[in-house]
Amino acid sequence: MAGLELKQLRKSYGKVEVIKGVDLSIEHGEFVVFVGPSGCGKSTLLRMIAGLEDITGGELVIGDKVVNAVEPRDRGIAMVFQSYALYPHMTVYDNVGFGLKLARTPKAVRDQKIRDAARILQMEHLLDRKPSQLSGGQRQRVAIGRAIVRQPEVFLFDEPLSNLDAALRVDMRMEISKLHNDLDATMIYVTHDQVEAMTLADKIVVLDGGVVQQVGSPIELYKHPANLFVAGFIGSPKMNFVAVNADKVSGDTVNVSGPDVVGVPVALPAGKVRPGDKLTLGVRPHDLVVATSGAIVGRVGLVERLGNETIVNLELPSGASWLAVLDGDQALKRGESLALDVDPAKALLFDANGLAVAAA
Amino acid sequence: MKKRTSILGGAAAIAATFVVFVIPFIFIILMAFKDRQQSALRDFSWPTGFHFWENVVEVVKTRNWMMITAFINSSIITVVSVTLLVIFAAMVGYVLARRKTRWNGLIEFLVLAGLMVPPAVVPTIWLLQGLKLFGTLHGMILIEVAYNLPFSIILYRAFVATIPRDLDEAAIIDGARPLDVFFRVVLPLLWPVTVTNIVVQSVGIFNDFTNPLYYLPGNANATVQLTLYNFQSQFSTAYNLLFTNILLITIPPLLVFMFFNRQIVAGMTAGAVKG
Amino acid sequence: MSASTMAGTPNRAETRAIKRSPYPGWFFTPAAIIYSVLFLVPTFASLYFSLTRWTLFDSEFIGLENFAQFLREPFLIKGLVNTVIYAAVTSGLKVVVGLLLAVMLTSQIVGRGYLRSVIFFPVLVSTVGVGITFTVLMHPTQGMINETLALFGIAGPGWLTDPNLALYSVALVDVWKGVGLATVIYIAGLVAIPQDYYEAARIDGATPWQNFWYVTLPLCRPATSTVITLSFIGGLRTFDLIWAMTKGGPGFASDTIASVIYKQYQAGFYGLSTAGNVVLFILIALLVVPLTMFLNRKQGHE
Amino acid sequence: MTKTKTKLIALMGASTLGMLMTASAVQAQQSGYLSILVDNGPQSIATMEAWAEAYKAMNPDVTIDIEVRPGGGEGDNIVKTRLATGAMADVFSYNSGSLFQAINPTQNLLPLTNEAFQDGVQDSFKSVVSAGGEVYGAPFAPAMGGGIFYNKPIYEELGLEIPTTWDEFMANNEAIKEAGKVAVIQTYADTWTSQLFVLSDFYNVLAEEPDFAEKFTANEAKFAATPAALRGFEKLQEVAEAGYFNADFGAATYADGVRMIAMGEGAHYPMLTFAVGAIAETAPDYLDDVGFFAQPGDSAENNGLTTWMPDSVYVAANTASPDLAKDFVAFIASPEGCDIRNEAVGATGPYMVAGCELPADVPPSVSDMLPYFQEGGQNAPALEFLSPVKGPALEQILVEVGTGSRDAASAAALYDEDVRKQAQQLGLEGW
């Protein structure tokens, strides 16, 4: 059974370092999602685990073996590509069985395994087709089938759903999740879509600039982002930020004010900040509520009325723009003035370095 | 109305290409049907008698059935050298397109140089002598491979670039060794450009005249183009036999063409054009 | 608990990855061996022999005298000019005619299959055979071309016997034989152009001519550069056809460098001929390298 | 020396003949394999095949493989290349004279000096296949003359006389032209045929400049600076400027020329006499319509023929079966060999081998030539048999003169330049 251990993993192309020392440990059976904006190094990291990229520095352990110099085929992994990478000249049957054929698996065994995988993915009727005759979702299944049939210790997914339309993506997401439960395998999944990350992951690894920003469960990341980057990246719509100064520190509450906000209270253990500190206040759009005279006042811009909730674009005095997601249907007019309040327990503060001023 | 212009245009094009491209071939065929006296006039006239079969027999029988030997030799040279060319050039084109090293510049320069530099005949003969390859089919095959590699490599390199790298990587993850990746995944996908290579190179090698002339002396080694020499001599010319000969040696390229006709464009699409 | 950022003890024990590349260098070896032994080695040997007086039986080092002699060849300058004219005329005509034929063959014209086959077929016929055939057809008095012209009361020229015309006649035959390949390359280039562009142009109200000029022409530039490069190099090196048709004549009127070189070779001036090879190579490099750079840069700009 | 008087028919003692015959009778039957390389002229192939058949009939254990090479410059290349690389056939045919000197005979060929058959070969032939004191060849064909073929019916029709001076020749041409016929046939599709006016004029050059060949070899005499030598170029220019040529002279081939002279499509065709064989093959019915005369000089008293030694057969130095090869060559150079040749391709000229007879009914073009070779006839070898120097571009230069794009003087000067290059290549003294 295979967990993974990444120790100070580094990758550089010539002088450019793209993975700057990643430490991470993944338990067996965990579903881990690497998430981050494009160019953050998440795919590179995945490909290093797969063995498709050489490791410049550090150690990669799969199971109990250092695999830096081990060929991909001997790492006990399988990978699903964003483009599916189905072999266009082979039928679905041959695509799925290609790895087994290379491993010189006896024909009967091979056939059994291919048919098992096809049954699991409900694509038995597709086995004789060529990839060009398949729809996007079907290709996705074949790609997964090709991975399953190898019975790997670790599944690697490289943005597998990004080429599918929205509805199909939801379906496939559920299937992958179900597969994870059924197969009891370790899965590492790369995506730039934080919704996928939130819904699928046991553990999310947020990457930016080749550096791990935070590792944790989805809710942990949502509630307690370690820094501005994670706070902004996780959650949809994006968290609102505004520059503030600490006014008054009293007990476990800090009052902060800035050009756009007046006296917002934030729950915080004593001693974390001192009056006059320059901070950044972060509030999720869902945590704003309408008040008669709130801490935050702005002019209503675009209003999206979705019935169950209303998304308001608010222009603050400084010109900055915030989003608020308000419960129920709110008949707001463009141009009118709106005041909002913040729940002190849900507001977050970040210091001048962008690190969270931790609540606990 | 649009339909009519296309039909008119088509008819005009058919007429024009008939005059420009087809009539010369009809001329060759007519000449091949004539007897020696009539053919000496070299005019576009109906043969006074049908001597085609006699001409063919005479051409084939000349110099101890040299035509038969020549067809066998040319076929061997063409098939073997095109096979080697396809495999070796695809291997080079593949690695050249996939792997960026500081050698790439040099390799690309050498490839381009091979396209441009005219081969040095006599030093090559000496070398072949030293290798005991002079005047052998093996030697000729290797020469054809060497001289035609650059063009094939360029075609392949351009085409490989259009094959997603993901496929190689999927195969690697599936447990493929480099040779598996190449022969089982990449080479089959290179089929369109392979067809282009087969057509262009086999025709070029089959029609090669100068190189066998130098590197493949000897009756037993005659190639089809050299048979033209039997009839086009300095002293006298038998036009009916000459054109019968041209006609006969055009048949194999014609077969290749009919076989691959539809696929030629496909190979060019991704291959040459994106070069 | 709190989120960890860049924690952990740095592990400085760097493991050198000795994993082999999936694109092994030895894939080059078979091609490299054949190419080096049979092409590069003789080519470099020829650089030496170009500095010798060489009778095939023995060679005597004479420095650059062969080059001096070659450049003194009374017809070398004419040969140089002819070579460039020939290459420019053939590649230019192949571009223009090939593109027009390709446009025609990708349109909804009747008899496309026939046309495509007929135009491509000459590519497959042996150059020597084509040369012999056209020498006969271009005969000034008995040739079919002039006899046909005579029916219309036109006195046809001496295609291959008029010193001012011979080179161009051979070039025309070269185009006849080679335009099929150019056409196929262009067809490939044209079908690769997404239909969207034409649709967009149609919505913008473009005439067929504008379509051709502003959409087709710029977008098939890769094909153009392939055709130009291949046929230009081919034209500079051309030998078979000229030799089969005029042997550089009448007199020296259609001599190209390749035929001048060959004549030196024929005469037994092996060192001299080899020096000519080197000169030809330099000429090709001087013309083709800037040409390819120009074509590629243009491509990059799009 | 001005004239090599060669005697046609055997003055050879019967003893020599007898010895030859006994030699071949005594010799044991040969066995083994022999490869032969011959040029692709139809007569060369036919003759060689006939010899091989006859020889195999006499020696059933011999297998002979005849291989064909192109003629002309390309053939020169093949021969040189194959000699240089040791890939030459056991026996091969090739030119005598200056081209023979260029294949480095002492190194590449087997000496045949002491073979018995050489006793029957004329010394004049031996001299053009000798190098370093050894003789390397045996005659492959009869001797030839270079001059002008004429169409007899045209001469009869117009009442013309055989010209003995250049002026008479030009007058004949004028008369023929006025009669609406083609006076002079030129065939520049085969460029080598353009050289005849100059090469065949060499008898006339020697008549005026007896030491031209020696001086030419020593870089002391030039075509452009020697009026007698320049005449050949001028003659071509005169004929060209007078418009005597056939309309398609630029595209006509040698085969066309042969047909035209035989069928009366033209009155004169300057050519070597081996064309008789080609006429016999392509237009046998017209063979008797063709006559021959030497290219006239400027004075009637001194009218003689420029002669060519035939090609030769040689044995490659590295042959695997030298005895067999020598025996076969001896067979070729025997009266029996000549008879087989007569049978195969007809008689085209006087043989260089003692005991060889021409058949009684030789065509007129051959009988017209014979007097020049006989006692009292005047002939001189072509320059290429007196000097190793011969520029390769003469034929193209003369095509330029014939097409009017160059005048005689500058053509001669250009040829001198061409010659210089070749002499340097040969490493001759004084260049």
Just checking the protein assembly as shown: which Cys have no other cysteine's beta-carbon under 4.7 Å?
A:40, C:220
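Given charges of +1 on the Cβ of Lys and Arg and -1 on the Cβ of Asp and Glu, with all other atoms neutral, how large is the dipole of the protein assembly as shown about its Cα centre, in debye to the nearest 20? Don't skip to the end; give the middle numbers.
Values: 98 positive and 126 negative charges, 1296 e Å.
That gives a dipole near 6220 debye.
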If one builds a Gaussian network model of chain C from Cα atoms under 10 Å apart, the most fluctuating residue listed among C:45, C:253, C:32 is C:32
If the reach is capped at under 19 angstrom between alpha carbons, list the aspartates and glutamates near residue B:100, excluding any in the same chain fewer than eight residues apart.
A:17, A:53, A:54, B:108, B:166, B:168, B:169
About the Cα centre of the range C:66-301, how large is the charge dipole given +1 on each Lys and Arg Cβ and -1 on each Asp and Glu Cβ? Please answer in debye to the nearest 20.
300 debye
Signed unit charges on C-beta, dipole axis of chain D, positive-most listed residue D:358, D:158, D:103:
D:103
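Excluding residue D:162 itself, what net charge comes from residues whose Cβ is under 10 Å from its Cβ, given Lys and Arg +1 and Asp and Glu -1?
Details: positive: none; negative: D:161, D:168, D:368.
For residues surrounding residue D:162, the net value is -3.
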For the range C:66-301, what mean projected area does the convex hull of the alpha carbons give, in nm²?
15.6 nm²
Arranged by the count of other C-beta atoms within 10 angstrom, fewest first, what order do A:325, A:312 take?
A:325, A:312
For the protein assembly as shown, with +1 on Lys and Arg beta carbons and -1 on Asp and Glu, the positive-most of B:52, C:25, A:311 along the dipole
A:311
Lys/Arg Cβ at +1, Asp/Glu Cβ at -1, dipole of the range C:66-301 taken about the Cα centre: which of C:243, C:169, C:133 is farthest positive-ward?
C:243
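Once the other residues with Cβ under 10 Å from the Cβ of residue D:96 are scored (Lys, Arg +1; Asp, Glu -1), what is the net sum? Walk me through the numbers on the way to the answer.
Details: positive: D:126; negative: D:311, D:384.
Every neighbour counted, the sum reads -1.
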Could you check the spin-label model distance between residue A:132 and residue B:263? Points 7 Å from the Cα along Cα→Cβ, value in nm.
1.3 nm
Hey, in the GNM for chain D with a 10 angstrom Cα cutoff, which one of D:207, D:87, D:221 fluctuates hardest?
D:87
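Using the count of nearby Cβ atoms within 10 Å as a rough guide to exposure, how do A:191, D:348 rank from fewest to most? Could you put the intermediate results ahead of the total?
Values: A:191 24, D:348 29.
Going from least to most buried by this count: A:191, D:348.
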Quick one: check the C-alpha center-to-center distance for the range C:221-281 versus the range A:1-79, whole angstrom.
57 Å
Return the lysines within reach of residue A:238: Cα separation strictly under 26 angstrom, same-chain partners fewer than 8 residues apart disregarded; answer none if there are no such residues.
A:42, A:203, A:223, A:272, A:278, A:333, A:346
Cut-off 10 angstrom, C-alpha nodes, Gaussian network model of chain B. Which of B:115, B:155, B:41 fluctuates the most?
B:41
Residue by residue, what Karplus-based ³J(HN,Hα) values in Hz, rounded to whole numbers, does the range B:192-199 have, using 6.51, -1.76 and 1.60 with θ = phi - 60° and x for Gly and Pro?
x, 6, 5, 4, 4, 4, 4, 5
Once both labels are modelled 7 Å past Cα along the beta-carbon direction, what's the residue D:360-residue D:374 spacing in nm?
1.6 nm
Checked against a 24 Å limit on the C-alpha separation, the offending pairs among D:215/D:390; A:7/A:178; C:263/D:421; A:101/A:178 are A:7/A:178; A:101/A:178
Under a cut-off of 21 Å between alpha-carbon atoms, report the lysines in cross-link reach of residue B:132, not counting same-chain residues fewer than 8 places apart.
D:80
Debye calc, one equal point scatterer per Cα of the range B:62-270, no solvent, log10 I(q)/I(0) at q = 0.08, 0.15, 0.18 1/Å comes to -0.34, -1.01, -1.27
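Given charges of +1 on the Cβ of Lys and Arg and -1 on the Cβ of Asp and Glu, with all other atoms neutral, how large is the dipole of the range D:163-217 about its Cα centre, in debye to the nearest 20?
280 debye
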Determine the relative contact order of chain D: mean sequence separation of Cα pairs under 8 Å and six or more apart, normalised by residue count, in whole percent.
27 percent
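Given a Förster radius of 41 Å and the C-beta distance between residue A:167 and residue B:99 as r, what FRET efficiency does 1/(1 + (r/R0)^6) yield to the nearest 0.05?
On the way: r = 41 Å, r/R0 = 0.99.
Result of the calculation: an efficiency of 0.50.
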Could you tell me the distance between the Cα centroids of the range D:190-204 and the range A:160-197, to the nearest Å?
91 Å
Assertion target for D:253, D:307, ordered by fewest C-beta neighbours within 10 angstrom first, is D:253, D:307
Contact order normalised by residue count of chain B, Cα under 8 Å, 6+ apart, percent
30 percent
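Output the relative contact order of chain C, whole-number percent, from Cα pairs under 8 angstrom with separation of 6+ residues. Before the final figure, lay out the partial values.
Values: 316 pairs, mean separation 82.8, N = 302.
It comes to 27 percent, rounded to a whole number.
Grab the DSSP H runs of the protein assembly as shown that are 4 residues or longer, score each as -39,500 (n - 2.57), total them, divide by all residues and round the 222 nm result to the nearest 500 deg cm²/dmol. Write out the running numbers ahead of the final one.
Numbers: 52 runs with 654 residues, N = 1368.
That comes out to -15000 deg cm²/dmol.
None of the figures in this text is laboratory data; all of them are computed from the coordinates on show. Worth saying up front: this structure is predicted, and the values here are computed from it rather than measured. Because the Cβ atoms are built from the backbone with ideal geometry, glycine has one as well, and the counts that use them run over all protein chains shown.
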